[in-house]
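Data first, discussion second: the structure below is written as structure tokens.
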Amino acid sequence: MTGASSAQRVRFILLPIMAVYIGVGVSVSLPIGAAPQLIEVGFYNMNGSATDVYVREGHAFVAVKYSGLNVIDVTDPQDPRMEGFHDTPDYAAAIDLQGDYAYIADRAGGLRIFDISDPTTPREAGVYEMPGEAYGVAVLGDYAYVVDRSWGLRVIDVSNPTDPREVGSCRTPGRAYGLFVSSDYAYVADGIGGLRVIDVSDPTEPEEIGSYEIFDLAYDVHVSRGYAFVAYYESGLVIIDISEPTEPREVSTYDTPGRALGVYVEGDYAYIADGIKGLRVIDISDPAGPQEVASHDTPDLAWDVYVAAGYIYVADNESGLRILRLRGAEGG
């Protein structure tokens, strides 16, 4: 799991209410100062189960279980349309993009690299097959950082995407599900192994320098403003101070009602893909006191979430891609 892209809204001020056009043929009236609301504006049901999504320049690149890479045109979020497709040999679990390439962690299929310079016809450019199973991927510079569930972190040189090569690895004690790479560090959501902080300043010699564990499964992680926001399966959102990477320290937790599988941070909000409990939006403006401000029960199981240009994209298993907006929040 990953595992960071416009539309304008029309707003009419009619004191003492605000009428907000929501783009689906109706409008809702929100009292001024009312709590934010999540509004679904569009969806796309694809042939398979959506597990992860990355949005860029009007396209949603979706990892679909046993159906590979699906490219959805979301220039009109109310009317998303299939634009391109390429299958993968196994279970597409996570996706990341850099430049003209999409990188998919395909479990037993390893790392699959696709040329997406023409989104209508994605073309497989390179493959790296590994001994274990690729569950998550993050790309930074010349390297793809892949979490192998049975090993830990593998570092793949993708300076030539047609010829990816492993250059380093770091074993972790749990079963790695997701990661986030920022500057010189890879933050690995390592299942029962918790959060592992790995120094990747030398990609050929990655080294664990810090960790944080609780009795739960760390599924995903997003790093922002000196904090790691970790989606824990049973515990929900755990916020960890990583200002000193060698000594990660818990700041707070927010127990979501479902099972947290994915997390994405944008501004003052953490967006949690909470399994059968859909999407939860947590205000993290005070990391020591996170509070839920909105929620939306998606039709199936929310695996992961991505935020771009004011829209929230949820990979919702067999119900495909769900597109929402947060209304009533600043800028929403």
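Read-outs throughout are calculated quantities, based only on the coordinates presented, and are distinct from any laboratory measurement. The shown structure was predicted, so the numbers you read here are calculated from the model rather than taken from an experiment. Counting neighbours? That spans all protein chains shown, and the Cβs are built from the backbone with ideal geometry, glycine included.
Quick look at the numbers
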item	result
Of residues in the stretch 63-98 being under 24 Å from G310 (Cα atoms) and among the acidic types (D, E), the one surrounded by the fewest Cβ atoms within 10 Å (Cβ to Cβ)	D79
Of residues in the stretch 274-283 being part of a strand (DSSP E or B) and over 16 Å from T51 (Cβ atoms), the one farthest from the chain's Cα centre (by Cα)	D283
In the stretch 242-256, residue nearest to Y313 (Cα to Cα) [restricted to those that are in a strand (DSSP E or B) and not charged (D, E, K, R)]	Y254
In the stretch 99-135, residue surrounded by the most Cβ atoms within 10 Å (Cβ to Cβ) [restricted to those that are of a type in the set (A, V, I, L, M) and not in a strand (DSSP E or B)]	I116
Flag if G168 is crowded, with 16+ Cβ neighbours inside 10 Å and within 26 Å of N70 (Cβ to Cβ)	no
Pick from the stretch 301-323, criterion in a strand (DSSP E or B) and out of contact with any Phe, Trp or Tyr (no Cβ under 7 Å at 6 or more places or on another chain), ranking: farthest from S224 (Cα to Cα)	A302
Test set (1) touching a His at 6+ places or on another chain (Cβ under 8 Å); (2) on the phi < 0 side of the Ramachandran plot; (3) not acidic (D, E) - L111 fails condition number	(1)
Identity of the residue in the stretch 68-98, in a strand (DSSP E or B) and among the hydrophobic types (A, V, I, L, M, F, W, C), that ends up farthest from G178 (Cα to Cα)	M82
Strands (runs of 3 or more DSSP E) enclosed by the stretch 183-228 - at least 2 residues per element that are closer than 22 Å to Y54 by Cβ and touching a Lys or Arg at 6+ places or on another chain (Cβ under 8 Å)	185-189
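Okay, residues lined up against (1) under 16 Å from the mean Cα position of the chain (by Cα); (2) surrounded by fewer than 17 Cβ atoms within 10 Å (Cβ to Cβ); (3) in a loop (DSSP other than H, G, I, E, B):
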{"site": "I240", "(1), (2), (3)": "no, no, no"}
{"site": "G258", "(1), (2), (3)": "no, no, yes"}
{"site": "V265", "(1), (2), (3)": "yes, no, no"}
{"site": "I272", "(1), (2), (3)": "yes, no, no"}
{"site": "S285", "(1), (2), (3)": "no, yes, yes"}
{"site": "G289", "(1), (2), (3)": "no, yes, yes"}
{"site": "V293", "(1), (2), (3)": "no, no, no"}
{"site": "P299", "(1), (2), (3)": "no, yes, yes"}
